[in-house]
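To keep things clear, I will list the structure first and then write my remarks on it.
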């Protein structure tokens with residue numbers, strides 16, 4: 001059985017409140033604070049499906065909106081606003097977590113903003129960061145520049161990356177993870193694109209790729 005609750009929390013005086021969704025399985029033993037990507041909100045099918053699968057594996061989740069998405073805008077908020085939202089979400093989730101160990105991260109931009117927030121001042125209580133497709137560079141333009149701040153992140157990081165992700169060439173991701181040493185764990189989803197969709201000719205389904213992501217998050221043990 002999973003307890004589900006919709007709630008709102010304040011980002012700061014300028015941005016007001018945003019929405020969030022808590023999914024708390026009865027036997028949860030950890031919680032993932034998860035931010036959406038640049039082009040879709042917390043109720044996107046990908047996050048809905050992932051969080052349902054995580055709940056079935058006793059992983060609680062706290063999904064939340066960035067202010068621009070809450071307001072129905074297409075362009076992301078300025079970076080300081082995004083980072084403030086991450087911090088406020090983590091603080092709010094901790095109050096809902098009933099002393100559960102906390103992970104944070106998100107899909108694409110949401111994961112990157114989480115790591116940028118953590119590279120400044122550590123996010124209180126966060127034991128690790130989960131990247132669901134870290135957006136390392138512009139589509140088809142391999143570079144590792146967007147990952148330079150990760151050297152300043154003190155907690156362990158789990159990189160979930162698809163082999164067909166045009167925003168994260170594995171030729172750039174692998175050396176980046178090696179440079180991060182023991183803090184980085186890389187899990188590659190064969191055939192997955194930036195949204196972890198697999199080709200129709202593949203021997204497995206998108207749902208099975210989501211199961212792989214969920215199983216990996218479930219089994220990851222950041223220390």
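A few remarks follow.
- Applying the condition of being part of a helix (DSSP H, G or I) and touching a strand residue (DSSP E or B) at 6+ places or on another chain (Cβ under 8 Å) to the stretch 145-172 and asking which residue is surrounded by the most Cβ atoms within 10 Å (Cβ to Cβ) yields 150.
- Of all residues making up the stretch 197-223, the number that are part of a loop (DSSP other than H, G, I, E, B) and under 21 Å from residue 60 (Cβ atoms): 4
- Test result for residue 178, over 19 Å from the mean Cα position of the chain (by Cα) and modelled with pLDDT under 95: no
- When 114, 121 are checked against the criterion of being crowded, with 17+ Cβ neighbours inside 10 Å and under 24 Å from residue 97 (Cα atoms), a single residue qualifies: 114.
- For the stretch 189-223, filtered to residues that are within 19 Å of residue 146 (Cβ to Cβ) and out of contact with any helix residue (DSSP H, G or I) (no Cβ under 7 Å at 6 or more places or on another chain), the residue that is surrounded by the fewest Cβ atoms within 10 Å (Cβ to Cβ) is 193.
- Of all residues making up the stretch 112-132, the number that are in a helix (DSSP H, G or I), modelled with pLDDT of 95 or more and touching a helix residue (DSSP H, G or I) at 6+ places or on another chain (Cβ under 8 Å): 7
- If you check 135, 175, 142 for being over 23 Å from residue 36 (Cβ atoms), in a loop (DSSP other than H, G, I, E, B) and in contact (Cβ under 8 Å) with a residue 12 or more places away in the chain, only one passes: 142.
- So residue 117, is it on the phi < 0 side of the Ramachandran plot and more than 14 Å from the chain's Cα centre (by Cα): no
- Scanning the stretch 74-110 for residues that are in contact (Cβ under 8 Å) with a residue 60 or more places away in the chain and within 19 Å of residue 221 (Cβ to Cβ) turns up 97, 100, 101, 102, 103, 104, 105.
The values are calculated or read from the model by the stated rules, or taken from the named source; none is laboratory data. Predicted, not measured: the structure shown is a model, and the values here were computed from it. A quick note on method: Cβ atoms are made from the backbone with ideal geometry, for glycine too, and the neighbour counts reach across all protein chains shown.
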